[in-house]
Structure formats: C-alpha cells, structure tokens
1. Local charge sum around Asp90 (other residues, Cβ-Cβ under 9 Å, Lys/Arg +1, Asp/Glu -1)?
2. Let me know the Rg and Dmax you get for the stretch 139-195 when you use only its Cα atoms, in Å.
3. What is the extension gain from Asp103 to His337, computed as 0.36 nm multiplied by their sequence separation minus the C-alpha to C-alpha distance, in nm to one decimal?
4. First measure r as the distance between the Cβ atoms of Ala289 and Leu383, then evaluate 1/(1 + (r/R0)^6) with R0 = 35 Å and state the FRET efficiency to the nearest 0.05.
5. Given Pro281, Val437, Ala100, which one lies farthest toward the positive end of the charge dipole of the chain, if we put +1 on the Cβ of every Lys and Arg and -1 on the Cβ of every Asp and Glu?
6. Measure out, as a whole number of angstrom, how far apart the alpha-carbon centroids of the stretch 277-346 and the stretch 140-181 sit.
7. With an 8 Å Cα cut-off and a minimum separation of 6 or more residues, compute the relative contact order for the stretch 228-375 in percent.
8. Considering the Cα positions of the stretch 429-488, please state its Rg to one decimal place and its Dmax as a whole number of Å.
Amino acid sequence: MVKPTDFPLEADVHSLQRAMADGTLSSVELVHFYMKRIARYNDLINAVLELNPDAEYIAAARDAERKERGPRSPLHGVPVLLKDNIDTADKCHTSAGSIALKDAYAARDAFIVKKLRKAGAVILGKANMTEWANFMSDRMPSGYSSRGGQVQNPYGPGRFDVGGSSSGSAAAVAANFTALAVGTETSGSILNPASQNNIVGIKPTIGLVSRTGIIPISHSQDTAGPMARTVRDAALLLNFLAGEDPEDPVTGLAAFHQAQDYTAFLNANGLKGKRIGVPRPRFYEGCPAPIVARIDEALKAMEALGAEILDPVTIPEAPAEESIDVLIYEFKPALNHYLKSVAPHVPVHSLRELIAFNAAHADAALRYGQSLLEASEKTSGTLAEREYIQARLDDLRYARTDGIDRVMAEYRLDALVFPSSWGAGIAAKAGYPSINVPAGFTDEGEPVGITFTARAFEEPKLIEMGYAFEQTTRHRRAPSLEKAPAFS
C-alpha cells in the first residue's frame, strides 16, 4: 500500500484510479492522506470548513464495491470537496459561510451531489467561501466568511489575494487537500480563484449544470463548475456535473448540447488553426502590468502552437458593463425561495430575516456590512419592475448581441482570451462558458491564469484549447507550504 510520505501530491484522477485498480492504493488511504494534509496545513490556509464524518466509511464501501463489482465510473472512490453553498443531505452543514445558517442541514442532496454520489465519488466535506458568494457587501474581501474566517492563498498567505467566492475550493485543490472540488460562479467566482491559486476552473454555459440545491444569487447567471489541478481532471468532473435536471428548467438545454464525454476533447494540438481574439481595449486596461506580461508570453506560446492571434479586437462599449442591477433584483426572490425550505430551527427564512439577524449579531456577522443584502431587500421581489427588465435586456444586448457574438462573428474567432478573470463579467452576463488555465507567476510569486471564453455550449472547444496550452507550458506547480508537524 502507498504510504502518505510516498504519495505523489499532484497525482491526477487517472493516476489515482490506476493505483486503486492495481491495489497499491485504496480509497480509504486516499481519504486519510487528504485528512492528514488538512490537519497539517489547514490552520495556515483555512480552506476547508468542515469534513464529512462519514467520508472514511463511504470510501471503505467504495473499496469493497470495487473488489466485488468493479468501479462505477472514473470518479469511483475519489474525494471531492464542495463549496459550502451546495446542499448535502448528510452530516455536513450548508451555510454559504454565514453564521445565520451555521446550524443548517440540507434535507436532500443538490442534483449535482446526487450525480457525484451515483458516480461513486466520496464527498470529503465543505470548503470555506466568500460569504453569500460575495453578494453580501461591496466591502467584503475575497475569501472571508463570518462562519469560516479568511481563506488564505497557499502561494502567499497574507500576501496574495485568494480570489472569490469559490476561494476555499480553489485553495484546497491547490494545496492538495482534495483531488477535486466543485465551485460556483455568478460572475468570476470560479475563474478568479482558479487564476489566483494556479489551478484549472471551468465556468460552464448557463443551462449545462443544474442549480437545484445550490444557495442562489441570480437565476440568469448562477452555475456550478469543476475546479482541478489539470484540464483533464476538470473535463472529467464536468462529465458528472452536466446534465438535465427535471427540477431546473434551464437545464432543458443540456439535453440538446451536452457532450457525451468532455475528455474526448483533450487534444494536444487543440490550438492549431484556432483564431484567438485579444480584447485589449477595456479588458486589459487597468490590469496590473506583471499579469499582462504573463499573458503576452502566453499569446506567443499559443501562436507557436499554430493559433492565429488577432490583437487587438474590440468589444463595443456599453453602459451595462459594470452594472450589477440584475443581481440586485434577482437575489431577493431566489434567496427567499431557498430559505423558505430550511429547517424550522434555523433562525432565518427570508432575506428580511437574514438582514435582521445580522444586525442583531453585528459583532460577529457584520464585519464588512451588508449593503448588497439591504439593496436587494428594497426591491419588490417580483422581477416585474421596469428597471429590472431593462437591466436584463441591456445585459443581454451588451454581453451577447453587441458583445461576444458580434466580435466573434466579425473576426471569425474561436475564443477570446482575458488576463486572469478580467473578462468574467461579460461572459457571466451572456451566460457563456470560460476556462481558466495556469499561465505562470509574477516575479513576486503570485499565480497568473489565462481565461479562454467562447459561445454557448462550446465547452469542447475551450477544453481543446486549454489542454493544448497546459500541455505545452506546464505552469502548474504545487505551493511550498510553511512547515508544520508531520503525521506518522
């Protein structure tokens, strides 16, 4: 059997499955390995909010099942960490990082959690996150929650931004606390922490992945997505997140657009012949020079791989670019619908009650205020306001019709590339997919990622390009964590 000291930290899922198949590793040993990593380093990183007390037993059952009947899927016996806004009907809480929900247990699994369990994955626990997915206050730092405290970037705790709001999911993957993690994004919350933590994150097209059982912000922009150390692992995890959910109407599109196997698009020549647009106006302006320098190097690497780089291309100006009006209006009805179903002992069952709870527990709950919660509560919650409808139509026109669709058609592009997550907002408003892949480090050691964005349900094309870039550049490396006592 593999000893923890001999275990390859950066092992991908394929390697783990091979080791479990030949008997040199068990799922139980793998769970114990990650538990020991968490025990040794989580005080420094604060990425894991709680462990599933049944993870070891689930792993043991998967080991027995493997011996008797074989693995269910490539995820069989593999630990997966979930962001703390994803429901699990087990002994873990689901709190969105809020002390108001610190005693909340979900009555049933989120749809994507059911799929993961069916695939034989081991739910390892819950990851810390930016409270309410960073829709509580306009002053909230990335990675902070009243329940979990501050997540730290493993490449520079206290020095570098960890990214938000799937900060714990990203930091845990980067620090080798888990094989895989699931994050959620409304606007940048997968892409940004993936970039900041030197990992891969895929923000899927709205409609590919179910939202049922995930604490919401916006019905028009919310999605869950995979976070992993490699494009291969992210594509593999996407296979088990994507799919039609009868309870979530948006996923009716998945039945027509879901790929049978996203790992089929792992093409080392995936950049050859691709036309890549670089929208420097607005999207690169203001980005720190050290980050832009790494992206410029990435563009040269892509060109050497046969991509045609069109630099610059221009996405038309629009006043809706920085607006969050749609989120302000959509949050109230979405959250009220979720909170009405939480258990009676939980102290909040509506946005209004949440605001009152926070005010009554201000010392613990309101370190950074609740300006966004209060702004949303002032809306009717009906989505019938003229202002909301206009804002939604403006977003679609800016991001889709006069934005991504127009520039990609005009220049005949396969993708747009952005530094870090600087293009996350326009893709989020459009509901379009993106992948963020490690692109190196600044001279100070801060991770830099590059985001590829395409049109709806073009995840296969993004995986092709991201994989080709990753395989050539090999920018992923494990962080050097502060020394801590080892386990025997």
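1. Local charge sum for Asp90: -1.
2. So, for the stretch 139-195, Rg and Dmax equal 10.4, 32 Å respectively.
3. 82.4 nm
4. Values: r = 42 Å, r/R0 = 1.20.
For Ala289 and Leu383, the calculated efficiency is 0.25.
5. Val437
6. 20 Å
7. After rounding, I find 15 percent.
8. Cα radius of gyration and Dmax of the stretch 429-488 are 16.0, 51 Å respectively.
The numbers here are math on the coordinates, done by the rules we state, and not lab data. These numbers were taken from a predicted model, which means no experiment stands behind them. FYI the Cβ positions are ideal-geometry reconstructions off the backbone, even for glycines, and counts take in every protein chain you see.
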